[in-house]
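Before any comments, here is the structure.
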Amino acid sequence: MTGVSRQPGAAGETLTELEQAAAADTGSKDGFGAGAVIACDRLVRIYTVEGIEIQALQGLDLEIRPGELTAVVGASGSGKSTLLNILSGLDRPTAGQVFVAGHDLLLMKGKERLAYRRQTVGFIWQQTGRNLLGYLTAAENVALPMRFAGTRRRPRQARAADLLGLLGVARCSDRYPAQMSGGEQQCVAIAVALANQPQVVLADEPTGELDTSTAAHVFAALRTANAESGVTVLVVTHDAAVSAHVQRTIAIQDGRTSTEVLRQRAPGHGRGIDGGAGDADGAGGGATADGGSDGAEEFAVLDRAGRLQLPRDFTDSLGMRDRVRLALETDHIAVWPGALSGGADGGSGNDGSGNDGGAHRRGTHRRGADGTPARRQEEEQT
């Protein structure tokens, strides 16, 4: 799949025109999204509030493989809630493409969206009132989605009992939400989300109202659901500590994916840091981290437009702003401040590249006649 062929949000371009462009842009020329259960390609969402345009998502790229347990973290206003609303079918993107389990959410119509929310995705919200009906028991709450889907009485009762047992809350079967603890309510909510055997479960701050111990129990239930049913689970939260509970944590900043933390599996699995699930947006899939079962490694995300967000503490420590210098090396790209202490052209002084004396190379970013990156290296004596 590829993104909308025209520039998203161009002047005079209507939503209908963007939809038509997306419909005409079929195929997967570069293989992006192949085999992914969730694929966002240059996703854009623009809101208009009192005549002011707000860009909640600014060309976000994302791939989630089947069976992954992934967390999306970000500060308030980063775009994570907007992303969740789009993936759940409650909102529509302004431009770009988003596919979930083969469903094109940009072009999906009303009845299709209803069937999509009922069969393809399950939801777990932070507030219990959005997950469970207070006048139904736990078993009745779990059975309700199956009743709407047309499942017969005995099969839905049996599945409700199985799910509550799987998640360790069988004792709550005949209890009403008010008779359950917060952790029990959220475990029952997970069972509700799994009732119709969805391919994807979306969780919005599922532990936001729980203490640390109870939150760990709920995440254990999510891991159990993920491992036993193979369902893909995407947790959206502002709490970066959830990375300890999942194998892959994606950070969103300013409407784009910025970094990923990949956590190594426990010893004995014989798999890389990505668990063999494929590349993580090209961010070093298959690499391993030192440190045993708790080893984790953070990667910056290079999106499909070639954009990279440098960590703020990195740029602040080197005084990077406005312009930076780039150099293409044999196995990496060097980046350092564009304005050096020796003058605007950087003719002398420290280049910020970490060299501590002797000869060092100064590279400039340029392209050859054929448009490919070219190296220019100059030896200097410091």
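The values are calculated or read from the model by the stated rules, or taken from the named source; none is laboratory data. All values derive from a computational prediction rather than experimental measurement. Ideal geometry is used to build each Cβ from the backbone, glycine not excepted, and the neighbour counts take in all protein chains shown. Note: areas computed on protein heavy atoms with side chains; ligands, DNA, RNA excluded. Shrake-Rupley method; radii C 1.70, N 1.55, O 1.52, S 1.80 Å.
The 3J(HN,Hα) values that the Karplus relation (6.51, -1.76, 1.60; θ = phi - 60°) gives for the stretch 69-77 are, in residue order, 10, 10, 10, 10, 10, x, 6, 4, x Hz. Gly and Pro appear as x.
Scalar couplings 3J(HN,Hα) for the stretch 147-154, obtained by applying the Karplus form with A = 6.51, B = -1.76, C = 1.60 to θ = phi - 60°, are 5, 5, 7, x, 6, 5, 4, 5 Hz; x denotes Gly and Pro. Maximal additional length on extending the Asp254-Gln119 stretch stands at 45.4 nm, based on 0.36 nm per residue less the C-alpha distance. The slack in the chain from Ala149 to Asp211, taken as 0.36 nm per residue of separation less the alpha-carbon distance, amounts to 18.9 nm. For chymotrypsin sites (Phe, Trp or Tyr not before Pro), the sites in the stretch 127-222 that DSSP calls loop and that have at most 13 other Cβ atoms within 10 Å are Tyr135. Surface composition of the stretch 162-274: carbon and sulfur atoms hold 44% of the protein heavy-atom accessible area at a 1.4 Å probe. Taking amide H as placed 1.01 Å from N in the peptide plane, Val201 has its amide H under 5 Å from the amide H of Gly122, Thr232, Val233, Leu234, each at least 5 places away in sequence or on another chain.
Across the stretch 107-119, coupling constants 3J(HN,Hα) worked out from phi with the 6.51/-1.76/1.60 Karplus curve, θ = phi - 60°, read 9, 5, 9, x, 5, 5, 5, 4, 5, 4, 5, 7, 10 Hz, and Gly and Pro carry x. Packing, as the average of other Cβ atoms within 10 Å across residues, places the peptides 315-321, 160-166 in the order 160-166, 315-321, highest first.
Peptides 33-39, 233-239, 127-133 ranked from most to least packed, by the mean per-residue count of other Cβ atoms within 10 Å: 233-239, 33-39, 127-133. Computed over protein heavy atoms with a 1.4 Å probe, the accessible surface of the stretch 50-170 works out to 46 Å² per residue.
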